[in-house]
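The values are calculated or read from the model by the stated rules, or taken from the named source; none is laboratory data. Values in this document were obtained by computation on a predicted structure and should not be read as measured data. Cβ placement follows ideal geometry from the backbone for every residue including glycine, while neighbour counts extend to all protein chains displayed. When the accessible area is computed, the model is the full protein with side chains, heavy atoms only, and any ligands, DNA or RNA have been set aside. Shrake-Rupley method; radii C 1.70, N 1.55, O 1.52, S 1.80 Å.
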Amino acid sequence: MGLRHEEHLADLLRPLGVYDLRPGTINRGELAAYGGQLDRRREELEDTAREMSLATAQGFGLERVEELLPYRPVCTTAQERRAALAALLRISGDSFTPRAINDTLRGCGLNARAEETGRPGYVRVLFPEVAGIPQGFEGLRAIIEEILPCHLDITYVFWYNTWGMVAQRHPTWGHAMGTGLSWYGVATEHDGVWEEAGLV
């Protein structure tokens, strides 16, 4: 924190030679009281300065920005929240290209990708690293539809493991059943094989 305010005040008064500034004296006690108050105000100002910048905010600064939005980004850490809010704040009249929209989706912590279909006004949204319907899909859908332009017709595309993908993990049905997974669990588990399916 640097020089404490008590010491700083004592250094300012010492050249006058009229104050007894030794520890334990009345004058020093008064400076300690003033210095303590100034130290606390400085800490408050440093906290406020940190929270006023989206690049450094950790607590109430992020909460205040999130209160301006209809939905909170799907993030947990302060760093992820800062990136998501920055992505949302970058949205402007020029932010409706596929690249800009996908940057915003990623910035919001959404594992989703929007693609043009070749038909004007129609897009599809994929969840490349999530087999099946993503957990909390209704919440994700609400956020995606806030980001995508409202005039677009959106088709959500979900994928499941193919027989070939299941066979790469489980050579026999007995092996698959031995994992304790349900049929849906077998159809949706992944360990990077989705990259081979061209879903990245």
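Per-structure values
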{"read-out": "From the options GLY180, GLY164, GLY121, residue that is open to solvent by 20 Å² or more (accessible area, probe 1.4 Å), touching a His at 6+ places or on another chain (Cβ under 8 Å), free of Cβ contacts under 8 Å to residues at least 60 places away in the same chain and not hydroxyl-bearing (Ser, Thr, Tyr)", "value": "GLY121"}
{"read-out": "Single match in GLU138, GLU116, GLU189 (criterion: closer than 27 Å to GLU66 by Cα and either in contact with a Leu (Cβ under 9 Å, 6 or more places away or on another chain) or modelled with pLDDT of 85 or more (or both))", "value": "GLU138"}
{"read-out": "Criterion (open to solvent by 60 Å² or more (accessible area, probe 1.4 Å), touching a residue at least 60 places away in the same chain (Cβ under 8 Å) and in a loop (DSSP other than H, G, I, E, B)) met by exactly one of GLU146, GLU129", "value": "GLU129"}
